[in-house]
Amino acid sequence: MSFPEKSRKRWIEETFFKRECVKFIPSSWDLHRCIPVCQVCQNLIRCCCGRLMGEHSWQEYLPPVSLHPGPGQDVEEDWSMELHTKASPTNAYGTIDFEDTATRVCRAKYVRVAVDSKPEALLQLMLREWQMERPKLLLTIQGGSENFTLPVKVKQAFSKGLITAALSTGAWILTDGINTGVSKYVGEAVKTFGSHDLRKRNTVGIAPWGVIDNNVDLIGRDVFRPYQPLGNPLSKRACLNGFHSHFLLVDDGTLGKHGCQHGIRRKLEKHINLQKIHPRLNQGVPVVCVVVEGGPAIVSTVLDYVSNVPPVPVFVFEGSGKAADLLAFLHKQTAVDRQLDADIEEDFLVRIGGVFGVERTEATHLYTLLLQCMDHRQSITIFDSESEDQMAPDAAILTTTLKGTKASPAEQLSMALAWDRADIAQKDVLVYGQHWQVGSLEQAMLDALVMDRVSFVKMLIDNGMTMSRFLTVDCLEELYNTPQGQTHRFLHHLVEDTKQTSLPIGYRLSLIDIGLVIEYLIGGAYRSNYTRKQFRAAYSRMQDKEGRQDSSSSLPKHRRGLVPTRNRSPQDLHFFRTAQPYKRKEQDVSPGTSQEMTLSPGLDEASMLVPFNFSDLFVWAVLQQRQQMALFLWQHSEEALARAIVACKLYRSMAFEARQSSMDDNVAERFKTYSLEFGQLAVDVLDCAFRQNEQMAMKLLTSEMETWSHFTCLQMAVSSCHRPFVSHSCTQTLLTDLWTGPLNMRKNSFLKIILSLLLPPAILLLEFKSKAEMCHVPQTHEAMLFGLDSVKSASSPEGTDHMDSQDAERGLSFHNKCLGSVSETVSSVTVLCLFWITRLYDFYTAPVVKFWFHTMSYLVFLMLFSYVVLVKMGDRPSVQEWLVIAYMLSTAVEKTREVLMSEPRKLVQKLKIWFSEYWNVSDFIAILLFLAGLVMRWHPEPYLTAGRITYCLDIIFWFIRVTDLLAVNQYAGPYLTMITKMTSNMFFIVVMMAIVLLSFGVSRKAILSPDEEPSWSLAQDIVFQPYWMIYGEVYASEIDPCGTDLPCPPASFLTPILQAVYLFFQYIIMVNILIAFFNNIYFDMASTSNKLWKYNRYRYIMTYQERPWLPPPLILLSHMTFALRAINRKFSGDAEREERSSGLKLYLGHKDRKKLHEFEEKCVQAYFHEKSECLHSSQINRIKATAERRDVHDGGGSLREGQLHPGQPVRVGLSAGSTPGPFGASRGHPHSALCFRQPTSGGSTPGSMSTHHSIPARPPPQLVPPTRKCCRL
């Protein structure tokens, strides 16, 4: 036995006791007064405790000699538990295995406890030892203890309502635990509707130990006891019900007497009521009494519940009989007038006497108790299962719990939040005209987010909760610092990896830490809003101000999610209102913003709100691994496509970090699944948008997103390696338009371009795209500035308004937009010149033209370089060599420019990203090798020869570089992708082949040359000949070394044998394995190589999009232009805007951006609508298939499509345990929290399908798991 088990047993035996009668007090003094007590007396006369004389323990007292009272002794001595019983450590606890439940395994924990046990110890036993979940609701079932019959409808409503309410809220059910009366019906309800999991079957039976049949079989410490619930029908004892999960067997020292459990049960209920319903909520666990049938004692019990302070709500099932029906009748009759009429009162008294079988006096007393119960009628709810307009029984029970406790609206909302029953809160709490305290709804939203209540977050948002006012810095930090076990530790590990240091215990994460984590996970040039200078300055300023307030105040400050905003400056108020960096300078506003955002004391609060507050909450849900919450928040606000890609990237990076940290494989797999889910969402939304409007869909890909570090969706997708997204038709169409630029060419495009490059006047004959055809194509900042400069140079300075240019799409050709105004102010000659200059600029800046221009220059360079290395090298460079040197140096300058002008901020990050590309590493080595050869080339022999040899080796790199030019081609590109995959995956097979080669080469050389001196030529002899043998050169003349005139070395006969084994293993086995490996890769890559090529195509196009149009060595002129422009921007103070505007982006004005967001929202709604239609059609198909199968089975006389009977609804699509209502998210479909629920009609007609009990005729749009498409969109 382990130490924890010993400790647990010791704690139970030290805490709980049993009671045994130690003094025999006869129940009657009139019989058998024989001295001494005869055997007949011992077997007939019982003690007041219910036991015979032989069943007592005589440790404290001696057995009586006579039952006749002695002199001076009272004739009758009252038996008392305190005086006549002894407490000793309990001897009965463990697990019961009920044997007659063959259909399912039913086991229960049990313990024998004394009647005076403390409720605190009992609750600790349930929570710590029995591992029961903390209750969020306590359903105490009161009713008849004898067997009775319930009507069918009442039984159905009671069973389903009770178990549904318990499972949906995490409630405990308290009963008497015996297999008779109402406890038996509770067991049947658990059997029919309950869960198989023992931890979820929190049905506790509190039964008297002395009444339990065969209780002797349960005696034992920490034992596993089989128990037979079917007892002797003639016995007055009762059996335990087999469908309860836990039993408290209350022992008061008596045998066969009921009632001792009521006191300890009531104490336990009151103690549970004092416990918190959730660690975050101050509301206690609500208790509700459910009454079914019942005798006279139930009336007193109900009065005790409703007269308590605070009252315990009572839920009565009308029609169950006896006390329940009497309560229901009196409750209805006294609804208007609290007093009954005389004749009705008389009939009611007669009815009480007839129901309970009591005299007139007792009936009058019971009537008085019933009237006292009606004084608290607001705490009593009558449920009539026969009524047609009655709500669902589980909802009725929970509504009674909310209304009957006299709790405030905030407390009622807390209870519904703990239960995760947003339908109850929507119907009974968030009603029109309800008064709410300031901050109560905000606190409820914070609690719902922390507790991961998706349905409640949706409900609060639908009821007017504004995220821009709810989210503050303190609120976000509290959300990130909420302990969530492994999730919280993983986030701390990410912060430690980001900061490269260990965090102290109890460290509180700040938003700046979160920003660093986001940048670390996304990588590249991404900059989080939480790490920008403005945010850091505002955050530091607020921390300093809070520090001064804390130091000057003697009261401690409790940092909650909602911080008072009084005594703050407008800048600070704005900062805490929005959790976004305060922008104090005018140029901090993006080019696409329609109004400059400056803060002054005169601005009202609404104008200072940042529109994208859902994005911060969405990132929190992703980092906290709350997938359902993230899926729900994904639907709100703008930029849904961007958020899906961001989530895909974050989850992918988190999966990588989990694998690197050697965490559980399930964690990494879960992250990967989440990433694929959001990735599929992005692809589906893009596909839906592309089918609706191609140009608007392509604008979604390249429009600048201020919320996401001014990235574009396409940039983010490439950063996250989202290949299906990049290979989508929409993305490829956009890339094709980017590749051709303004040129409108379909056939023989390369011939036209080469001809135009060789003969520039031919450019005037080319066809260019119109402004409408180019409206979706983004431009580099250089192209945008060229359009602005050309317009400004041709127009007057006062003729153009800066705000007008901001309201237009920056991605369009600005000279086209201003051509009309220009033509009015300047001469036609100037306009014509400007037009042709612009045509030339558009031609030479097109990526496809750059590609052919650079390719032609590169081929000329290779020809010159080949000439240099093939002819004799003189002491001084020739003209051809000078051209090669100029090409190399200008290429080196261009590579330096690529590094310096890349998007990352720090030089280390720039170099890291640049060297991550294979061709950049190859170019770097080739340039260094050429520079080394160039340095040696200027020195006399032997350095001159070494420099020439270096040239010869260096040209290999430049010839291999030609394969990268072929990657642009649609047909050659996929093959190059296959070759790259084969080369990268053949490493381990080559290592094994090298091991075999070395093992043969060393042994062969050692046998054939035993007298070799140490030299480096040994390594050559070991490797070279065995290597060439792989390709068929077996060196036949050297196989038999004894065939020559030289002396035969010892054991030389072994070399032919070793060579035969080597060739067989290396040539037959290893080479064929390598070929089979390549063949397998080829077939695997054949289906995906096209997608991989499409993904890599982005890199090729972006390379030439950002590259200057002049090839080396003329590219130095472009570098000089860039340098002059950078100096100009630095002195004009526009450097920060240029840094933000780097890359290929579509800059939209405020109106255009708004239209784009509206289009995106429509696409998301259309996507959900298509999914719902697909789900609906699949359900109909399943119904049709089921009907057809039934027709075949029944001969065609059964259910057919269009002949669904209204009384026989078909249940399809609802998971087990799901509950009706628009917010049953956690009990239905895993994505049902994302449903856009629509109200349904109450009635149903033949052929229609109800929402609650059948399939809706048109189900509300809901999110189907996007990882599996149910139909082709």
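The values are calculated or read from the model by the stated rules, or taken from the named source; none is laboratory data. All of these numbers come straight from a predicted model, not from anything done at the bench. Every residue, glycine as well, gets a Cβ built from its backbone with ideal geometry; the counts of neighbours run over all protein chains shown. These area figures cover heavy atoms from the full protein model, side chains too; ligands, DNA and RNA do not enter into them. Shrake-Rupley method; radii C 1.70, N 1.55, O 1.52, S 1.80 Å.
Remarks
- Verdict on VAL429 being in contact (Cβ under 8 Å) with a residue 24 or more places away in the chain, surrounded by 15 or more Cβ atoms within 10 Å (Cβ to Cβ) and either among the hydrophobic types (A, V, I, L, M, F, W, C) or more than 16 Å from VAL622 (Cβ to Cβ) (or both): yes
- Condition met for GLY170 (surrounded by fewer than 24 Cβ atoms within 10 Å (Cβ to Cβ), of a type in the set (Gly, Ala, Ser), touching a helix residue (DSSP H, G or I) at 6+ places or on another chain (Cβ under 8 Å) and under 17 Å from HIS246 (Cβ atoms)): yes
- Of the residues in segment 912-935, not one is modelled with pLDDT of 90 or more and among the basic types (Lys, Arg).
- Odd one out for THR1055 among (1) on the phi > 0 side of the Ramachandran plot; (2) assigned to a helix (DSSP H, G or I): (1)
- Residues that are farther than 21 Å from VAL1071 by Cβ and open to solvent by less than 90 Å² (accessible area, probe 1.4 Å) within segment 1013-1039 comprise SER1015, SER1017, LEU1018, ALA1019, ASP1021, GLU1038, listed in sequence order.
- Selected residue (criterion: most open to solvent (accessible area, probe 1.4 Å)) from residues of segment 137-149 that are part of a loop (DSSP other than H, G, I, E, B) and farther than 9 Å from TRP172 by Cβ: GLU146
- Residue check, PRO877 under 23 Å from HIS1119 (Cα atoms), outside any helix (DSSP H, G or I) and open to solvent by less than 40 Å² (accessible area, probe 1.4 Å): no
- Test: residue in segment 892-902 that is of a type in the set (Asp, Glu), more than 58 Å from the chain's Cα centre (by Cα), crowded, with 18+ Cβ neighbours inside 10 Å and assigned to a helix (DSSP H, G or I): no
- One residue from PHE1024, PHE959, PHE1000, PHE987 being modelled with pLDDT of 80 or more and closer than 30 Å to PHE851 by Cα: PHE959
- Top-ranked residue of segment 403-426 - restricted to ones that are over 25 Å from LEU479 (Cα atoms) and hydroxyl-bearing (Ser, Thr, Tyr), ranked as least open to solvent (accessible area, probe 1.4 Å): THR405
- Looking only at residues of segment 512-537 that are of a type in the set (A, V, I, L, M, F, W, C) and surrounded by fewer than 21 Cβ atoms within 10 Å (Cβ to Cβ), we find that the one that is nearest to GLU898 (Cα to Cα) is LEU516.
- Residues in segment 609-645 that are over 20 Å from the mean Cα position of the chain (by Cα) and surrounded by fewer than 20 Cβ atoms within 10 Å (Cβ to Cβ) were compared, and the one that is modelled with the highest pLDDT is PRO611.
- Segment 646-678: number of residues that are touching a Cys at 6+ places or on another chain (Cβ under 6 Å) and either surrounded by fewer than 23 Cβ atoms within 10 Å (Cβ to Cβ) or more than 21 Å from TYR480 (Cβ to Cβ) (or both): 1
- Matching option when the condition is under 36 Å from the mean Cα position of the chain (by Cα), under 25 Å from GLN390 (Cβ atoms) and either at pLDDT below 90 or in a strand (DSSP E or B) (or both), among ILE173, ILE163: ILE173
- Looking only at segment 194-224, and only at residues there that are touching a Ser or Thr at 6+ places or on another chain (Cβ under 6 Å) and open to solvent by 30 Å² or more (accessible area, probe 1.4 Å), the one that is modelled with the lowest pLDDT: LEU198
- Residue within segment 694-709 that is among the hydrophobic types (A, V, I, L, M, F, W, C) and either surrounded by fewer than 22 Cβ atoms within 10 Å (Cβ to Cβ) or free of Cβ contacts under 8 Å to residues at least 12 places away in the same chain (or both) present: yes
- Search result, residues across segment 1070-1085 that are over 17 Å from THR983 (Cβ atoms) and surrounded by 15 or more Cβ atoms within 10 Å (Cβ to Cβ): MET1070
- The C-beta contact set for segment 392-415 (first residue without any contact (Cβ under 8 Å) to a residue 24 or more places away in the chain and closer than 14 Å to GLY284 by Cβ, second residue open to solvent by less than 10 Å² (accessible area, probe 1.4 Å) and among the hydrophobic types (A, V, I, L, M, F, W, C), distance under 7 angstrom, 6+ apart or interchain) comprises GLN412/LEU402; GLN412/VAL429.
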